[in-house]
Amino acid sequence: MSQPKDVIEDFLARRRNRGRRSGGSGAGPDGFRGISGRNVAVGAVALLVLVGVLSCFYTVQPEERAVIKRFGKVYGIAEPGLHFKLPFGIDLVQHVATERVLKQEFGFRTADEREPGRSTQYAGSDFPDESLM
């Protein structure tokens, strides 16, 4: 049996000579070079930059405001529109609806749902328990 060190050296020598046997182009028998470590690193960095650039922008709608938190501490409040923030979780944006009006009716019911400003009682309906509040 050969020593494990000899097997590893033989394997590494065959890997180094693989590109030389195929005409010096570095391509394999089917013309494919394979993926090198450098290509993977460049692709990973490019993907990281792309994700960073795309996560830098956010939009605040007209009926809301945005609270910007930097590392969990409130950094500012953004008005409606397109804004910029630091990527990768450094700045977090929390949207808060400020223009939305919620209502609860006690003692009466709105007659016409299409006209939320007009509140009248239905004819013949009475809500005495609710109107005591």
Original post:
For region 81-98, list residues with backbone N below 12 Å from a point placed 7 Å from the Cα of residue 71 toward its Cβ?
Top reply: 90-91
Subject >> Accessible surface of residue 95 - all protein chains present, 1.4 Å probe, nearest 10 Å² >> reply: 90 Å²
Subject >> Net lengthening on full extension, residue 95/residue 7 (0.36 nm per residue, minus Cα-Cα) >> reply: 25.5 nm
Subject >> Where labels lie 7 Å past Cα in the beta-carbon direction, separation of residue 61 and residue 84 in nm >> reply: 2.6 nm
**OP:** Keeping all protein chains in position, work out how much accessible area residue 11 exposes to a 1.4 Å probe, and write it in Å² to the nearest 10.
**Re:** 110 Å²
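The values are calculated or read from the model by the stated rules, or taken from the named source; none is laboratory data. Note that the structure is predicted; figures quoted are calculated from it, not measured. Using ideal geometry, Cβ is built from the backbone for each residue, glycine included, and neighbour counts are taken over all protein chains shown. Heavy atoms of the whole protein, side chains included, go into the accessibility calculation; ligands, DNA and RNA do not. Shrake-Rupley method; radii C 1.70, N 1.55, O 1.52, S 1.80 Å.
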